[in-house]
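Notes to accompany the following structure.
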Amino acid sequence: MSAMSRAIRACAATASRRNLSVAAASPKEASAAAAAALVAGRRGGSWDRGEDGSRVQWVFLGCPGVGKGTYAGRLSRMLGVPHIATGDLVRDALASQGPLSKQLAEIVNHGKLVSDEIIINLLSKRLEEGEENGELGFILDGFPRTIRQAEILEGVTDIDLVINLKLREEALLAKCIGRRKCSQCGGNFNVASIDIEGENGGPRMYMPPLLPPAECESKLITRADDTEEVVKERLRVYHDLCEPVEEFYRARGKLLEFNLPGGIPESWPKLLQALNIEDPDNKRSAAA
Ligand SMILES: Nc1ncnc2c1ncn2[C@@H]1O[C@H](COP(=O)(O)OP(=O)(O)O)[C@@H](O)[C@H]1O
């Protein structure tokens, strides 16, 4: 049995143990309206884990630097489902110094995609661990990234919704290069200050830096693949290999396109609105 088929079997076994069904028939037509209706009609507008055992099984798509990790992480904490980022799984494997580590460094530090086999193995393992810990549902970030990965996922799970985050290309490179992480507390920051003129009379886009607190300042690290050259290659790879995945889900009526209007304070409430999730900050201020 090939590594790939073992991985598919592992993925399929995980899915069936988790009682996931094979994707139900979905509308054939590409349509943002279909995705919007999907969001609006879902459990009376609530995405909380339902009493019927239904749960969030979402995917985040989007170019490097768009903010998938930030928004997927926030939603995961809000909805109580795990945020599974395949980039993090890859970085953990890289840091582990195991036999895979050297092979991965060669690929990742050149901005290329890891093979479908490796990534599905890492993901299957992560899902199995989650299952052992009683996890339900997931928000996937950075997977699927190829049509083959999307087909495998579609064969073993019923993805509810795919959120495609979009940001103007000029901002993406600056955002990647500006990323910093505190090596001690793990906090994510960004030193880039983005201020771009509006397109065709549209609004100007301002994204202020997200600076670290003083105690983190001397402990900041930059990802090895966040150099200008590697980010440009990652963006190229995204357009070539990952953009067709957007079309894959668009054709199944699962894609919700979301254009980020600016930084987190501006974008987060609008994203919640697009997802038909009540903003807990509004709830709190209404109750006060
Ligand atoms: N689904 C995937 N398929 C193949 N490679 C992946 C996948 N997810 C992550 N990787 C590898 O890990 C790297 C980092 O991923 P990620 O943190 O998601 O970066 P990005 O900021 O480019 O979205 C990618 O450049 C790629 O080498």
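Could you please rank 145, 74, placing first whichever residue has the fewest other Cβ atoms within 10 Å of its Cβ? Each step should come with its number before you reach the end.
Working: 145 20, 74 17.
So the residues, fewest neighbours to most, are 74, 145.
Taking 37 °C and 0.692 mPa s as the conditions, I'd like the Stokes-Einstein D for region 55-173 in µm²/s, using the Kirkwood hydrodynamic radius from alpha carbon pairs. Answer, rounded: 218 µm²/s. Which lysines does residue 175 reach when only Cα atoms under 30 Å apart count, and residues fewer than 8 places away in its own chain are ignored? Candidates past the 8-residue exclusion: 68, 102, 112, 166, 219, 232, 254, 270.
Rounded if a/c is under 1.5, else prolate if a/b beats b/c, else oblate: with a ≥ b ≥ c from the C-alpha gyration tensor eigenvalues square-rooted, which is region 143-200?
Numbers: a/c = 3.15, a/b = 1.51, b/c = 2.09.
It comes out oblate by the Cα gyration axes.
Rounded to the nearest 0.05, what FRET efficiency do residue 229 and residue 257 have when you use their Cβ-Cβ distance and R0 = 25 Å?
Details: r = 29 Å, r/R0 = 1.17.
Calculated value: 0.30.
The label point for residue 196 and the one for residue 117, both projected 7 Å from the Cα toward the Cβ, are 3.9 nm apart. Extension gain, residue 148 to residue 281, is 43.9 nm, computed as 0.36 nm per intervening residue step minus the present C-alpha separation. Extension gain, residue 237-residue 105: 0.36 nm per intervening residue step, less the Cα-Cα distance, totals 45.8 nm.
Net length available on complete extension from residue 188 to residue 169 is 4.7 nm, with 0.36 nm assigned per residue and the Cα-Cα distance removed. Residues 221, 177, 196, ranked from the fewest to the most other C-beta atoms within 10 Å, line up as 221, 196, 177. Counting beta carbons within 10 Å around each of 138, 258, 189 and listing the fewest first gives the order 189, 258, 138. With a ≥ b ≥ c the root eigenvalues of the C-alpha gyration tensor of region 208-288, is it rounded (a/c under 1.5), prolate (a/b larger than b/c) or oblate? It comes out oblate by the Cα gyration axes. Our summary gives region 133-198 a relative contact order of 18 percent, counting only alpha carbon pairs under 8 angstrom and 6 or more residues apart.
Any read-out appearing in this document is the output of simple, stated calculations on the displayed coordinates, not a laboratory observation. Keep in mind that what you see is a predicted model, and the values were worked out from it rather than measured. Positions of Cβ are backbone-derived with ideal geometry, glycine not excepted, and every protein chain shown enters the neighbour counts.
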